[in-house]
Amino acid sequence: MNTLYDVQQLLKRFGIYVYVGKRIWDIEVMALELDHLNESNVITQKEFIQAKLVLKHEHKIEENKTENNNI
């Protein structure tokens, strides 16, 4: 699992589709949904960790874009 698309496909396996309207918000909601899947023990620990790392990376990219646009 390397991309945001991969995380979306993982969530899609469980009927979870996320679209809030702003990419950074989508990433945050996906992280919450992953937490719920992990608490329910329906995904492996490896899938959970990989997906969270991808989301953390993508979130940081979006934060940097926002900061650069505000300068």
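Of note:
- Residues of region 1-42 satisfying the condition of being under 12 Å from LEU53 (Cα atoms) and of a type in the set (Gly, Ala, Ser): ALA31
- For region 25-35, the set of residues classified as free of Cβ contacts under 8 Å to residues at least 24 places away in the same chain, surrounded by 13 or more Cβ atoms within 10 Å (Cβ to Cβ) and farther than 22 Å from THR66 by Cβ consists of GLU33 only.
- Pairing residues of region 42-59 that are crowded, with 17+ Cβ neighbours inside 10 Å with residues that are in a helix (DSSP H, G or I) and among the basic types (Lys, Arg), at Cβ distances under 9 Å and at least 6 apart in sequence or on separate chains, gives GLU58/ARG23.
- Within the option set ARG13, ARG23, being in contact with a helix residue (DSSP H, G or I) (Cβ under 8 Å, 6 or more places away or on another chain) and either aromatic (Phe, Trp, Tyr) or at pLDDT 95 or above (or both) holds for one residue only, ARG23.
- Of all the criteria given as (1) exposed (fewer than 12 other Cβ atoms within 10 Å of the Cβ); (2) part of a helix (DSSP H, G or I), the one not satisfied by GLY21 is (2).
- Scoring ASN64 on the criteria (1) under 11 Å from the mean Cα position of the chain (by Cα); (2) part of a helix (DSSP H, G or I) leaves a single failure, condition (1).
The values are calculated or read from the model by the stated rules, or taken from the named source; none is laboratory data. Quick caveat, the model's predicted, so the values are computed rather than measured. Ideal geometry is used to build each Cβ from the backbone, glycine not excepted, and the neighbour counts take in all protein chains shown.
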